[in-house]
Amino acid sequence: MAIASLFIVPYVLITKQFKVTSKKALGFSMICGVVFGLDVGVWNIAIQQSTATQATLLTNLSPVWVGVGAFLFLKDKPKQNFWMGTVVAIIGMVLLVGFDLFLNFDFNIAFIFGVLSGMLYAVYMLLSKTILEEMEVMTFMMISLLSSTIALGVLSYVFNEPFTGFSDAGWLVLVVQGVVCQLLAWLLISFATKHMRATRVSVSLLGQAVLASILAWWLLDEQVSLQMVIGGIVLLFGIRLTFYEKALLKTKA
């Protein structure tokens, strides 16, 4: 978060794009940053205490929580196709990661943190959607990233986590994550959130699992089975369903 802030803060200030529309928007943007920081924190703990696959799968239940939250709090309620597409996409995700994962699920603190990560992400998506209806993306990103940096910095200090002493490879990973994952990727997600339904954005992000599998096959020589291919196709089909406007199942008036 701090590395991403080093890039976006000077850019926003130099180009004079920092425009706060209201105190309410400023406050909610700061809350968004804290919530996203907590999301990243609990997700990393879930990975450390279990496996990246289990933590990622539990986190990717976030479209369900986004849908529930949108139904309860947003004017733009999720349509029938969203729920159908979400179910299909999650089935595809299960096929992609394999059934063995569920047989080895440990219902411990890591499991709870994995689920909590998805819930926190859903809160972030719903809040950011509301804020971005009146605030520009660059201003929102600057405020939320700084808030995340401060929140995580305080937590790291309280829990006596180190801020220095990492290896060259460790710093390289942090820089790549800061520039690519936190800055560039979240700028794209924020632009998408501003112009699309929050529910569609959350389901669309499930597609990253397919890309991750392709990259793992290409760069890490990981095997891709027929089940994984089918799972990827089903997942993408589920995402496509959420973008289909006409109701797939007609209901009686």
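Of all residues being open to solvent by 10 Å² or more (accessible area, probe 1.4 Å) and out of contact with any helix residue (DSSP H, G or I) (no Cβ under 6 Å at 6 or more places or on another chain) in the range 135-150, which is farthest from Lys24 (Cα to Cα)? Just the residue, please.
Per the stated criteria, the residue is Ile150.
Looking only at residues that are modelled with pLDDT of 90 or more and among the polar types (S, T, N, Q) in the range 3-61, which one is surrounded by the most Cβ atoms within 10 Å (Cβ to Cβ)?
Filtering first and then ranking leaves Ser29.
What number of residues within the range 207-245 satisfy the criterion of being over 15 Å from Asn60 (Cα atoms), open to solvent by 60 Å² or more (accessible area, probe 1.4 Å) and either of a type outside the set (Ser, Thr, Tyr) or modelled with pLDDT of 75 or more (or both)?
19
Specify the residue that is farthest from the chain's Cα centre (by Cα); the eligible residues are those in the range 151-181 that are in contact (Cβ under 8 Å) with a residue 12 or more places away in the chain and open to solvent by 30 Å² or more (accessible area, probe 1.4 Å). Before the answer, list the steps.
If we filter the range 151-181 for residues that are in contact (Cβ under 8 Å) with a residue 12 or more places away in the chain, which is where we start, we get 151-153, 155, 174-175, 177-179.
From what is left, the residues that are open to solvent by 30 Å² or more (accessible area, probe 1.4 Å) are 152, 155, 174-175, 177, 179.
Details: Leu152: 17, Leu155: 21, Leu174: 18, Val175: 19, Gln177: 14, Val179: 16 Å.
Filtering first and then ranking leaves Leu155.
Would you point out which residue out of Met125, Met141, Met119 is within 30 Å of Ser22 (Cβ to Cβ), in a helix (DSSP H, G or I), at pLDDT 90 or above and of a type in the set (A, V, I, L, M)? Break it down stepwise before answering.
On the way: Met125 fails: at pLDDT 90 or above; Met119 fails: at pLDDT 90 or above.
Among Met125, Met141, Met119, only Met141 is within 30 Å of Ser22 (Cβ to Cβ), in a helix (DSSP H, G or I), at pLDDT 90 or above and of a type in the set (A, V, I, L, M).
The values are calculated or read from the model by the stated rules, or taken from the named source; none is laboratory data. As the structure is a prediction and not an experimental result, all values here were calculated from the model. Note that each Cβ is placed from the backbone with ideal geometry, even for glycine, and that neighbours are counted across all protein chains shown. SASA here: full protein model, heavy atoms, side chains in, ligands and nucleic acids out. Shrake-Rupley method; radii C 1.70, N 1.55, O 1.52, S 1.80 Å.
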